[in-house]
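Notes follow once the structure below has been shown.
The values are calculated or read from the model by the stated rules, or taken from the named source; none is laboratory data. On a predicted model such as this, the values are computed, not experimentally measured, just so you know. Neighbour counts run over all protein chains shown; Cβ positions are idealised from the backbone, glycine included. All accessible areas refer to the heavy atoms of the entire protein, side chains included, with ligands and DNA or RNA removed. Shrake-Rupley method; radii C 1.70, N 1.55, O 1.52, S 1.80 Å.
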Amino acid sequence: MINEISGRAVRLQEGEFLRREDANRQYLMKLENRYLLRNFLLEAGRYSGRGMDMNAMGGWEDPSCQLRGHFLGHWLSAAAIRYHETEDGELKAKTEAILKELVLCQRDNGGEWVCPIPEKYLYWIGKGKNIWAPQYNIHKLFMGLVDVYRYMGLETALQTADKLADWFYRWSAGYTREEFDRILDIETGGMLEVWADLLEITGDKKYRELLAKYYRARLFDPLLEGRDVLTNMHANTTIPEILGCARAYEVTGEERWLKIVQSYWKCAVTDRGCFATGGQTQGEIWTPMKKLKARLGDKNQEHCTVYNMIRLAEFLFRHTGQVRYMHYIEYNVTNGVMAQTYWQGMPWKGSPGRGLLTYFLPMKAGSRKDWAGEMDSFFCCHGTMVQANAAWNRRIYYQDADTLYVTMYADSEAEFAMGGRKARLIQRQDYMNGSLMNSSVNSVQQTVNDITATYANRPDFRKYVFTLQMKEELDCRICLRIPDWVLRKASVYVNDEPAAETDCTDEFLELRRTWRDGDRIILLLPIDLRFVPLPDDGETGAFCYGPDVLAGITEQERVLRLEGDDPVQELSADTEREWGSFRTFYRTENQDPGISFKKLNEIGFEPYQMYFKVKRKYRQ
């Protein structure tokens with residue numbers, strides 16, 4: 001298995017990623033403990049007072065909502081992930097204070113129950129009463145407690161989770177297999193995953209029994225038979241269950257769990273296809289296989305599905321080494337997480353220049369992103385938002401016995417060791433702009449150089465420079481991912497000498513040699529504008545620049561009438577330079593009125609169109 005290099009072994013320098021991490025950290029600290037804990041205190045009878053604070057967290061966190069309290073689990077998980085990267089002492093202290101209160105809630109609830117909803121919700125679903133996903137809700141707390149133990153090392157979190165698990169062990173034992181199968185048809189979230197986590201941590205046999213109890217035969221067995229059990233079914237109900245299968249495989253080594261994961265991926269992604277963004281849902285449900293045209297709506301690409309499918313792809317990469325899973329992750333990170341959370345940009349007609357979170361990513365022409373506020377929603381995607389942005393130094397570097405994998409490209413440094421020898425890899429992107437000026441108020445001092453004239457326009461390739469630092473020579477492979485958006489040959493230089501070139505994006509480009517301190521690798525990735533059609537309509541597609549989907553700014557649906565055959569020729573670069581930076585803006589050449597295009601993840605409040613129907617003049 002390939003292992004991720006993460007935590008404090010990877011130092012991030014990528015400006016946009018660091019901005020998002022900082023914004024997320026500020027938000028985590030801003031949410032007061034009394035609000036995060038409110039529903040837990042109410043359930044344990046520890047709340048005193050006559051009225052509720054109207055400034056408290058609303059939406060799904062309102063005490064009238066049956067999913068109340070779910071967000072705290074996401075918060076704990078995000079705080080732990082952040083701590084794993086940075087050892088943030090303030091977040092740890094805040095977490096410890098929350099854990100202290102949870103311990104008191106568990107005590108006052110009788111020693112086991114510590115949840116923000118009553119135990120009767122679970123008994124009610126056992127009787128068939130319609131209750132909104134209590135196990136989904138409770139899983140979030142389990143998840144947060146496990147992550148706090150795993151990344152912060154706080155024993156209290158593990159003890160609290162273990163006592164709560166005792167309640168579930170007794171409760172689940174009160175049902176026959178058939179009765180519990182009916183319970184499992186009500187959204188369980190990642191309960192299977194947490195039982196696997198706790199089995200690995202504690203070795204307690206009760207978790208092995210819970211794994212067996214939570215085997216959802218009504219979903220898993222048809223998947224193993226190759227049946228399509230996903231079309232028009234709720235997407236994020238099943239993804240966490242499959243993540244549970246993935247963890248069960250890692251913990252137990254039983255092949256049936258892995259086969260379920262592989263069958264699910266085939267059904268959900270390989271056979272189904274994706275939008276140009278990498279997303280696949282509309283209205284929270286899976287699209288029909290390779291039939292996406294009728295699903296371009298106002299509720300595409302729920303953020304939770306994006307985050308959880310990224311996690312699933314990452315698991316499959318670690319266990320197969322197949323580069324296609326990293327291609328999938330790149331699209332979903334670029335056009336999902338970055339397009340739907342912590343947006344910052346230019347205001348649009350009086351709108352603010354920031355947006356926190358959009359539950360969905362609309363793909364219907366003329367749509368707008370619907371941004372949630374900091375205290376008024378707290379729906380499911382609010383939780384995956386803080387987890388997705390907790391640490392951006394993940395999924396960049398991996399290694400096995402003698403191989404270092406570079407899977408994503410971002411300014412960063414990775415420390416690794418092979419055969420007892422330590423080394424550091426420093427990654428930087430050379431933007432080839434010849435200037436550090438980033439605003440009109442910067443120092444106007446300029447150094448005359450050849451780069452500014454050599455690259456008069458935005459280069460048609462991306463350049464990444466890797467430098468190795470080590471005390472001893474190291475014989476190993478360095479594998480570089482060639483993204484599937486590369487349409488021409490990528491080139492690699494080692495110490496300024498040509499080393500390799502390839503146009504193959506189905507496998508890593510391998511460099512095997514004895515590396516020495518100061519060795520330098522230069523990777524040149526050609527980047528082009530592409531028109532990516534829908535799988536069920538070759539005349540309707542989206543424009544992409546590398547991994548970035550472009551959106552046209554328009555309030556009404558537009559059809560592109562082309563002068564030639566290639567839709568790409570209809571777009572030309574627009575306002576490509578600002579101060580010291582090349583930018584990615586395009587405009588149409590022959591439309592009246594014209595349409596301006598920008599990256600989907602740079603869209604804030606503007607109305608936009610992502611998919612365009614094209615009509616060629618000679619076919620009319």
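Per-residue counts of other Cβ atoms within 10 Å, averaged by peptide: what ranking do you get for 557-564, 211-218, highest first?
Numbers: 557-564: 15.2, 211-218: 17.9.
Descending mean neighbour count gives 211-218, 557-564.
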Here the residues of the range 233-252 lying in the modelled label zone of residue 181, meaning backbone nitrogen under 13 Å from a point 7 Å along Cα-to-Cβ, are none
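Starting from the Cα gyration tensor of the range 90-203, take the square roots of the eigenvalues, sort them a ≥ b ≥ c, and report rounded, prolate or oblate (rounded when a/c is under 1.5, otherwise prolate if a/b is larger than b/c, else oblate).
prolate
Which value, in debye to the nearest 20, describes the size of the charge dipole of the range 547-620 about its Cα centre when Lys and Arg Cβ atoms bear +1, Asp and Glu Cβ atoms bear -1, and nothing else is charged? Kindly include the intermediate steps, with their values, before the conclusion.
Details: 12 positive and 14 negative charges, 55 e Å.
Charge dipole of the range 547-620: 260 debye, to the nearest 20.
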When the Kirkwood radius is taken over all Cα pairs of the range 162-243, what Stokes-Einstein diffusion coefficient follows at 4 °C and 1.567 mPa s, in µm²/s? 96 µm²/s
By the Cα gyration tensor axes a ≥ b ≥ c (a/c under 1.5 gives rounded; else a/b larger than b/c gives prolate, otherwise oblate), the shape of the range 414-549 is oblate
Checking the cross-link filter: which aspartates and glutamates have an alpha carbon closer than 13 Å to that of residue 598, excluding same-chain neighbours under 8 positions apart? 548, 574, 576, 606
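If you count, for each residue, the other Cβ atoms within 10 Å and average over each peptide, how do 341-353, 140-152 line up from highest to lowest? Spell out each step's value before the answer.
On the way: 341-353: 14.4, 140-152: 24.3.
Top to bottom by mean Cβ count within 10 Å: 140-152, 341-353.
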Could you derive backbone 3J(HN,Hα) for the range 8-15 from the dihedral phi with the Karplus parameters 6.51, -1.76 and 1.60 (θ = phi - 60°), listing whole Hz in sequence and x where the residue is Gly or Pro? 6, 7, 10, 9, 9, 10, 5, x
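Could you do me a favour and compute the accessible area per residue for the chain, 1.4 Å probe, result in Å²? Don't jump to the answer; show the numbers that get you there.
Working: 25450 Å² over 620 residues.
Heavy-atom SASA per residue in the chain reads 41 Å².
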State the percentage of accessible surface on the range 235-305 attributable to carbon and sulfur atoms; use a 1.4 Å probe and exclude ligands, DNA and RNA. 50 percent
Contact order relative to length of the chain, as percent, for alpha carbon pairs under 8 angstrom and 6 or more apart: 14 percent
Per the 1.4 Å probe, what fraction of the accessible area of the range 490-604, in percent, lies on carbon and sulfur atoms? 38 percent
Would you work out which of 586, 326, 12 lies farthest towards the positive end of the dipole of the chain? Charges go on Cβ: Lys and Arg +1, Asp and Glu -1. 586
Under 15 Å from a point placed 7 Å out from the Cα of residue 537 along the Cα-to-Cβ direction: which residues of the range 283-314 have their backbone N that close? 288, 290-298
How many angstrom separate the Cα center of the range 239-278 from the Cα center of the range 33-92? 31 Å
Crossing angle, helix 134-147 versus the chain [Cα axis fit, 0-90 degrees, rounded to tens]: 70 degrees
Taking a ≥ b ≥ c as the square roots of the eigenvalues of the Cα gyration tensor, with a/c under 1.5 meaning rounded and otherwise prolate when a/b exceeds b/c and oblate if not, the range 282-348 is oblate
Signed unit charges on C-beta, dipole axis of the range 384-507, positive-most listed residue 470, 499, 409: 409
Selection from 531, 233, 268 lying farthest towards where the dipole of the chain points positive, charges on Cβ: 233
Reachable lysines from residue 266, criterion Cα separation under 17 angstrom, eight or more residues apart if same chain: 290, 291
If you place +1 on the Cβ of every Lys and Arg, -1 on the Cβ of every Asp and Glu, and leave all else neutral, what size is the dipole of the range 159-224 about its Cα centre, to the nearest 20 Debye? 180 debye
Compute the helix-to-body angle for 191-202: its Cα long axis versus the longest principal axis of the chain, expressed 0 to 90° and rounded to tens. 80 degrees
Taking amide hydrogens as modeled 1.01 Å from N in the peptide plane, which residues meet the under 5 Å criterion relative to residue 595, leaving out close sequence neighbours? 588
To the nearest 20 debye, what charge dipole does the range 32-162 have about its Cα centre, counting +1 at the Cβ of each Lys and Arg and -1 at the Cβ of each Asp and Glu? 500 debye
Can you tell me which aspartates and glutamates have their Cα less than 18 Å from the Cα of residue 615? Leave out same-chain residues fewer than eight positions away. 536, 537, 539, 557, 563, 565, 566, 570, 589, 592
Using the eigenvalues of the Cα gyration tensor, what equivalent ellipsoid semi-axes result for the chain when each is taken as the square root of five times the eigenvalue, whole Å, largest first? 41, 29, 26
Degrees, to the nearest 10: 155-172 long Cα axis against longest axis of the chain: 60 degrees
